[in-house]
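Visitor: Take a look at this one; I'll ask things after.
The values are calculated or read from the model by the stated rules, or taken from the named source; none is laboratory data. Please read all numbers here as calculations on a predicted model, not as lab measurements. We place every Cβ from the backbone using ideal geometry, glycine too, and count neighbours over all the protein chains shown.
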Amino acid sequence: MKKASKIFTALMFLFLFAPLVILLVFSFNEARSLSVFSGFSLKWYRELFRDTETLKAVRNTLVLAVCAAGVSTVMGTAAAVGIHRMRSKYLRSALDMVTNIPMINPDIITGISMMLMFVFASRLLGLANSLSFITLLIAHITFCLPYVILQVLPKLRQMDASLPEAAMDLGCTPWGAFWKVELPEIMPAIVTGLIMAFTLSLDDFVISYFTTGTGFQTLPIRIYNMTKKTVTPDMYALATIIFFVILALLLLSNLTDSEDSQKLRAARRAKRAASGRPPMDPRRRRILYACGGSLAVIAVVAAVVFAVTETDNKPQVLNVYNWGEYISDGSEGSMDVVKEFAAWYEEEYGRPVQVNYETFASNEDMYAKLSKNAISYDVIIPSDYMIARMIDEDMLLPLDFDNIPNYQYVDEDFRGLYYDPEDMYSVPYAYGIVGVIYNANVVDEADTGGWDLMWNEKYAGQVLQFNNSRDAFGTAMYRAGIDVNTTDRSQWDLALESLLEQRRSGVVRSYVMDEVYNMMESGEGAIAAYYAGDYFTMLDAQAEGVDLRFYYPERTNFYIDAMCIPSCCQNKELAEIFINYMLSKEPAIANAEYTYYASPNRLVYEDPDYIEEMGEEAMAILYPDWGDFAEKYNTYAYRNLDNDLLDYINSLWETLKIN
Amino acid sequence: MTKKKTRSSLVTGLAGGPYEVWAVLFILVPLAFVAYYAFTDNDFRFTTANIVRFFTDTSPAAGGEGTMVRTYLVISWRSIKLAVISTAVCLLLGYPLAYIISRSSPRAQKTMMTLIMIPMWMNFLIRTYAWMTILQDTGILNNLLAKLGLGRIHIIGTETAVIIGMVYDYLPYMILPIYSIMAKMDFKLIEAARDLGCAPAGVLRRVILPLSMPGVVNGITMVLIPSISTFYISQKLGDGMFFLLGDAIEGQYVANNLHFAAAIAFILMVALLAAMAAMRYFTDRHTYGGQ
């Protein structure tokens, strides 16, 4: 029995720690992969400490957790005392019930409900953007509060009610009785509540996702937004560091509790007694610890709040909103474009500028937030069809091209396209074509060439399909020769039939976005449709025995991502200066090399160093000779669809997913 | 005596005040907004169409030609099924572990409880990502099985993988409340039952289980709620093959269908509140002394 329970405990801890061990090991991996260990390296730790955006996200997460835990602990303890002494039974049970709501409500509902309220309230008050650090903090305090209250309340109920009464009979004020008698008694519960609140706030993603605003992205959100590209291993390094920090803290706290320190304390007491001073009352000592503890917390909160407000005092702020992992960020010796811009600007204009660079996971995600006036940014980089939609809804400002002289380097092919026919609102950033990536060690060369490969039952269980409706339907529609922008619902039904067939026959292994990297690199999947540039990222990290190749089917998606200024922009000229900077040679080349996406900028694709760096194969794939670009683009690019049709497609997508 | 009472109630009023205001403003009002959005259309006119849509939307079924199923009921059913299984597994694993821990030395108790908390400090998105690489076909688990000559198994993308992910992420939420009750449990009662000739199974059923019931109820609540509404775990470990209630709400939010997203949230909320109220009512009557 004893042995069985030991084995069981060991197995449980193995289960709990297995993923952490994986993270630890692969944080030292030379390659980007989380499945193939190619050699020991400290590279990702260096990357982590250089990655200012991630470090900022870590700081934000800590600031938030400290503030939320601090406020909710103080308010929750007070609330528990209040509830405990409440004499009206009905009021007490009503408050008990309300307290339970955030715990019984799934976090997605808490998040959505608060977002709805904040958006509504700010519309009422006429505020520019409804979501901010304050709303995020309010949301976190709200979901932490019940945990504190439910820790403290039972402790209060257990306590002998006559103790504070006795203190007051002996002349203590009610406040003094609480401070000297009750508080030390409930202190352990308060500390547990504080730790729980801190932990919950630190780990929360869902509620933050719905309630965070401009200028305050937390780590979980940053990680989630890496979903189009890939989660970078410096995150594993970060997890490993957090692990060791906690371990060290635990060891430290265990040490202070060990027999040695108890002996030490006994010795100190003896010394105190010998010097004639009375021994310290243990209760008083606890109060001292409690006070010291709360002082420390308050100090940290104050320092942290100061740090936050300090950054807000900078004279000029530029808020940039882009896809995750879509700018050269200084990793692996590349140029840190955001940082360089700030330095260049200060030198050029003699004024400092603070750039808040934040990320989104998809066009729709960005639109959902911007359209509700929930957030405000100065520069955004959406895709073509979303630009068309935003122009339609008056969400973009016309650009002043006098401030963007580098626009002259944008190729003529990228002017006057459907989404911005008069070239008033957008400056192309990158473009590409969707193609098919396959593992040549599994797939017969003879089967390649068209979209049929993704429906080929010979490769059942090895095909990776897009996990977003527009791109997934796109593959089926290009295959069948259907116009991807058709408003004819029966055509969309046909595409659904095709996707259902692909799924039911067992050809599809997974619906993926960023997971595609790991799966293709490790040989887990053999066939996938994805963006051309990303093929080269995978190629760099392919495992032994995997031979990735790439081709374009005849009909396929062309897309352009372009820089725009949304109507909520606070500093248009600064935004235009940033756009112009992004078009200048060095940053443009750095971005093109980092993302592996094709650049519409002549300064990039005509640059000999860039051409050499990319290599012949990459140049051929990224910049194919397509004859009339505008014609192909206007035929195959996604267009904006109306709301009813989008809703219909969404329901088709759900149908596919529940089968 | 009376004077003292008034003084202490003044303190009480001051202490509970901020929270009462907070609770109304940030717990009750947002819920009212969910209801408001759920019962209005895009122009904020009253409608029940969103609620009706949840129960009536249909899509073609996998089986035969022409058969239709109710989309959101199918999604709900799958969510409930996975959440209930995960909760049961958490209970089956967490309960004995909490018991074992509560019977160890105080030092070991402290160490083991902190060990259980540690994974919660790692970001859960990253933890889930790590599970993906453990479970995939060319992953660590399968490589290990192959080396041991046991053959490979396909887990990733199955309901099993999603359940493993949920159990992993939410197990501490089951262990913590059960342990905190068990640690306070008077073990003399167990000894007494044994001395009086009770068999081990009887001790468990008649003494330990009833005493720890409040912890079990809390644990079940804390695991069931997040697992019924998760969307990240199902996306990553389910290979995007499943669509759960959380995915549906998030999908509608991203598609800018706020009113329908609110309707799904509203229905889920009402169902959960009802289920929890029923569970508390039931267990309060069947535990000794209740709460």
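Visitor: Scan the stretch B:168-179 and tell me whether some residue there is out of contact with any helix residue (DSSP H, G or I) (no Cβ under 8 Å at 6 or more places or on another chain) and away from every other protein chain (no Cβ under 11 Å).
Guide: Within the stretch B:168-179, none of the residues are out of contact with any helix residue (DSSP H, G or I) (no Cβ under 8 Å at 6 or more places or on another chain) and away from every other protein chain (no Cβ under 11 Å).
Visitor: Condition check: surrounded by fewer than 24 Cβ atoms within 10 Å (Cβ to Cβ) and in contact with a Pro (Cβ under 8 Å, 6 or more places away or on another chain). Does residue A:78 satisfy that?
Guide: yes
Visitor: Going by the conditions given, is residue A:124 more than 25 Å from the chain's Cα centre (by Cα), surrounded by fewer than 17 Cβ atoms within 10 Å (Cβ to Cβ), in the same structural domain as residue A:203 (by TED's automatic domain parsing) and over 21 Å from residue A:218 (Cβ atoms)?
Guide: Criteria met by residue A:124.
Visitor: Still on this structure, I have one more. How about the stretch A:620-659: which of its residues are closer than 30 Å to residue B:249 by Cα, loosely packed, with under 15 Cβ neighbours inside 10 Å, of a type in the set (D, E, K, R) and without any contact (Cβ under 8 Å) to a residue 24 or more places away in the chain?
Guide: Matches in the stretch A:620-659: A:644 only.
Visitor: So is residue B:261 among the small types (Gly, Ala, Ser), modelled with pLDDT of 90 or more, within 30 Å of residue A:504 (Cα to Cα) and surrounded by 20 or more Cβ atoms within 10 Å (Cβ to Cβ) or not?
Guide: In short, yes.
One line per residue, one yes/no per condition, for (1) under 26 Å from residue B:159 (Cα atoms); (2) part of a helix (DSSP H, G or I):
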{"site": "B:189", "(1), (2)": "no, yes"}
{"site": "B:192", "(1), (2)": "no, yes"}
{"site": "B:213", "(1), (2)": "no, yes"}
{"site": "B:241", "(1), (2)": "yes, no"}
{"site": "B:249", "(1), (2)": "yes, yes"}
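Visitor: Continuing with this model, one more query. Of the conditions (1) facing chain A (nearest Cβ under 7 Å); (2) in contact with an Asp or Glu (Cβ under 9 Å, 6 or more places away or on another chain), residue B:233 clears all except one; give me its number.
Guide: (1)
Visitor: Looking at A:368, A:388, A:361, A:430, can you tell me which residue is within 14 Å of chain B (Cβ to nearest Cβ), in contact (Cβ under 8 Å) with a residue 60 or more places away in the chain and within 28 Å of residue A:217 (Cα to Cα)?
Guide: On inspection, the qualifying residue turns out to be A:361.
Visitor: Which count do you get for residues in the stretch A:595-620 that are in contact with a Ser or Thr (Cβ under 7 Å, 6 or more places away or on another chain) and assigned to a helix (DSSP H, G or I)?
Guide: Adding up the residues that qualify gives 1.
Visitor: Give the residues of the stretch B:215-242 that are more than 26 Å from residue B:184 (Cβ to Cβ) and among the aliphatic types (A, V, I, L, M), sorted by residue number.
Guide: Within the stretch B:215-242, B:228, B:233, B:237, B:241 qualify.
Visitor: If you go through the stretch A:459-485 one residue at a time, how many are more than 22 Å from residue B:234 (Cβ to Cβ) and either of a type in the set (A, V, I, L, M, F, W, C) or in contact with a helix residue (DSSP H, G or I) (Cβ under 7 Å, 6 or more places away or on another chain) (or both)?
Guide: 9
Visitor: Here's something else I'd like to know. I'm trying to understand the selection: among the residues of the stretch B:103-127, which are touching a residue at least 24 places away in the same chain (Cβ under 8 Å) and either buried (at least 21 other Cβ atoms within 10 Å of the Cβ) or at the interface with chain A (Cβ under 8 Å from one of its Cβ atoms) (or both)?
Guide: Result: B:116, B:117, B:119, B:120, B:124, B:125, B:127.
Visitor: Taking the stretch A:363-422, which residues are farther than 21 Å from residue A:602 by Cα and among the hydroxyl-bearing types (Ser, Thr, Tyr)?
Guide: A:367, A:371, A:376, A:377, A:385, A:418, A:419
Visitor: Does residue B:271 count as small (Gly, Ala, Ser), within 17 Å of the chain's Cα centre (by Cα), farther than 21 Å from residue A:468 by Cα and at the interface with chain A (Cβ under 10 Å from one of its Cβ atoms)?
Guide: So residue B:271 does not fit the description; no.
Visitor: Let me ask another. Restricting to the stretch A:17-61, what's the tally of residues that are within 23 Å of residue A:355 (Cβ to Cβ), in contact with a Leu (Cβ under 8 Å, 6 or more places away or on another chain) and in contact (Cβ under 8 Å) with a residue 12 or more places away in the chain?
Guide: 6
Visitor: If you don't mind, there's one more thing I want to ask. Answer yes if at least one residue in the stretch A:209-216 is surrounded by 21 or more Cβ atoms within 10 Å (Cβ to Cβ) and touching a Pro at 6+ places or on another chain (Cβ under 9 Å), and no otherwise.
Guide: Looking through the stretch A:209-216, at least one residue is surrounded by 21 or more Cβ atoms within 10 Å (Cβ to Cβ) and touching a Pro at 6+ places or on another chain (Cβ under 9 Å).
Visitor: While we're looking at this one, here's another question. Go through (1) within 29 Å of residue A:200 (Cβ to Cβ); (2) away from chain A (no Cβ under 14 Å); (3) in contact with a Leu (Cβ under 8 Å, 6 or more places away or on another chain) and name the single condition residue B:151 misses.
Guide: (1)
Visitor: Being under 20 Å from the mean Cα position of the chain (by Cα) and away from every other protein chain (no Cβ under 14 Å) narrows it down to one of A:355, A:436, so name that one.
Guide: The unique qualifying residue is A:355.
Visitor: What do you reckon, is residue B:140 at pLDDT 85 or above, surrounded by fewer than 22 Cβ atoms within 10 Å (Cβ to Cβ) and in contact with a helix residue (DSSP H, G or I) (Cβ under 9 Å, 6 or more places away or on another chain)?
Guide: no
Visitor: So, one more: Please tell me if residue B:24 is modelled with pLDDT of 85 or more, of a type in the set (Val, Ile, Thr) and assigned to a helix (DSSP H, G or I).
Guide: yes
Visitor: Okay, next question. Of all residues in the stretch A:74-98, count the ones that are in a helix (DSSP H, G or I), of a type outside the set (A, V, I, L, M) and either touching a Leu at 6+ places or on another chain (Cβ under 7 Å) or more than 9 Å from every other protein chain (Cβ to nearest Cβ) (or both).
Guide: 7
Visitor: Given the conditions (1) touching a residue at least 12 places away in the same chain (Cβ under 8 Å); (2) assigned to a helix (DSSP H, G or I), which single one is not true for residue A:230?
Guide: The failed condition is (2).
Visitor: Here is a follow-up. Hey, residue A:34 hits all of (1) facing chain B (nearest Cβ under 7 Å); (2) among the aliphatic types (A, V, I, L, M); (3) part of a helix (DSSP H, G or I) but one; which does it fall short on?
Guide: Every condition holds for residue A:34 apart from (3).
Visitor: Further, regarding this structure: If I filter the stretch A:19-31 down to residues being assigned to a helix (DSSP H, G or I) and surrounded by 17 or more Cβ atoms within 10 Å (Cβ to Cβ), which single residue comes out as farthest from the other protein chains (Cβ to nearest Cβ)?
Guide: Only one residue fits best here, namely A:24.
Visitor: Looking at the stretch A:496-515, which of the residues that are at pLDDT 90 or above and of a type in the set (A, V, I, L, M) is farthest from residue A:441 (Cα to Cα)?
Guide: A:496
The rows are residues; the columns are (1) surrounded by fewer than 19 Cβ atoms within 10 Å (Cβ to Cβ); (2) more than 25 Å from residue B:227 (Cα to Cα).
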| residue | (1), (2) |
| --- | --- |
| B:18 | yes, yes |
| B:32 | yes, no |
| B:37 | no, no |
| B:42 | yes, yes |
| B:45 | yes, yes |
| B:51 | yes, no |
| B:55 | yes, no |
| B:75 | no, no |
| B:78 | yes, no |
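Visitor: Ok, one more. Among (1) in contact (Cβ under 8 Å) with a residue 12 or more places away in the chain; (2) facing another protein chain (nearest Cβ under 10 Å), which single condition is residue A:104 missing?
Guide: Unmet for residue A:104, out of (1) in contact (Cβ under 8 Å) with a residue 12 or more places away in the chain; (2) facing another protein chain (nearest Cβ under 10 Å): (1).
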